[in-house]
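The values are calculated or read from the model by the stated rules, or taken from the named source; none is laboratory data. Quick caveat: nothing in here was measured; it's all calculated off a predicted structure. In this analysis, Cβ positions are derived from the backbone assuming ideal geometry, glycine residues included, and neighbour counts consider all displayed protein chains.
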Amino acid sequence: MSPVAPPFFLRWLSPRYLVCDLPTAEKVIYITFDDGPIPEVTPEVLSILAKYEAKATFFVVGDNVRKYPEIFKQIKEAGHAIGNHTFHHLNGWKTSPGAYAEDVSRCRDYVETKLFRPPYGRFTLSQYFLLRNDYRIILWSVLTSDYDKRVTPEQCLNNAIDHTKQGSVVVFHDHLKSIANVRYALPAMLEHFSALGYRFEGISL
């Protein structure tokens, strides 16, 4: 199964507000994690990243931050970047613009950031126009499909390695549904690109 890039038409939206990748002449990769923090997965992810001196961006669910503030504190203390992923992990296609913006705002009560990623990558134009002046909307250029039960750890790693280049924004998840794939693919990806002279940074816009 191939990784999924955002629909091409989204690139017509202004890169001032919406980001799919971060083109650079330097050997930099931007690894991101969605859906945490949770105690069963996030600390292990932080440990793997620390081993390779890698920084990442964690798009956190507000309700998880509320429940696990100590794990959220670990992310910040490790120097990783933080993004808003709504409070209840809402599907924008199934949520009115007002309710969606309110949920994003509720997450902001716990998470101070100018970065936002819509859960599932799903949002409407109305939601986009409501949020774009307050956030940079961060999508991705490589989706590892770590959450998909049909994707093996080896396939997840291949997705990450075969489609990543300088400036790629790569999506993993610190979630129970993805831990087996992340446990295998993340360190192997970090090892592979570190050997090629790449570094891993959090998104700072």
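Condition check ((1) more than 19 Å from ALA160 (Cα to Cα); (2) not polar (S, T, N, Q)) across all residues:
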residue: GLY36; (1), (2): yes, yes
residue: PRO39; (1), (2): yes, yes
residue: LEU46; (1), (2): no, yes
residue: ASN64; (1), (2): yes, no
residue: ILE75; (1), (2): yes, yes
residue: ASP103; (1), (2): yes, yes
residue: VAL111; (1), (2): yes, yes
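Of the helices (runs of 4 or more DSSP H) entirely within segment 87-180, those holding at least 3 residues that are free of Cβ contacts under 8 Å to residues at least 40 places away in the same chain, touching a helix residue (DSSP H, G or I) at 6+ places or on another chain (Cβ under 6 Å) and under 18 Å from LEU18 (Cβ atoms) occupy 97-108, 125-131. Among the residues making up segment 1-51, those that are aromatic (Phe, Trp, Tyr) and either at pLDDT 95 or above or touching a Cys at 6+ places or on another chain (Cβ under 9 Å) (or both) are TYR30, PHE33.
In segment 50-64, is there at least one residue being over 22 Å from TRP140 (Cα atoms) and crowded, with 22+ Cβ neighbours inside 10 Å? Yes, the conditions are met somewhere in segment 50-64. The set of residues in segment 13-49 being surrounded by 22 or more Cβ atoms within 10 Å (Cβ to Cβ) and assigned to a strand (DSSP E or B) consists of ILE29, TYR30, ILE31, THR32, PHE33, ASP34. Take THR164 and decide whether it is within 30 Å of ALA101 (Cα to Cα), in contact with a strand residue (DSSP E or B) (Cβ under 6 Å, 6 or more places away or on another chain), among the hydroxyl-bearing types (Ser, Thr, Tyr) and buried (at least 21 other Cβ atoms within 10 Å of the Cβ). For THR164, the condition - within 30 Å of ALA101 (Cα to Cα), in contact with a strand residue (DSSP E or B) (Cβ under 6 Å, 6 or more places away or on another chain), among the hydroxyl-bearing types (Ser, Thr, Tyr) and buried (at least 21 other Cβ atoms within 10 Å of the Cβ) - is not met. Residues in segment 131-156 that are more than 22 Å from ILE203 (Cα to Cα) and hydrophobic (A, V, I, L, M, F, W, C): VAL151, CYS156. All of (1) in contact (Cβ under 8 Å) with a residue 60 or more places away in the chain; (2) over 24 Å from GLY167 (Cβ atoms); (3) in a loop (DSSP other than H, G, I, E, B) hold for LYS55 with one exception: (2).
Residue-level analysis places ALA78 among those that are in contact (Cβ under 8 Å) with a residue 12 or more places away in the chain and either touching a helix residue (DSSP H, G or I) at 6+ places or on another chain (Cβ under 8 Å) or of a type in the set (Asp, Glu) (or both). Condition check: closer than 22 Å to TYR147 by Cα and either within 14 Å of the chain's Cα centre (by Cα) or in a loop (DSSP other than H, G, I, E, B) (or both). Does VAL65 satisfy that? No.
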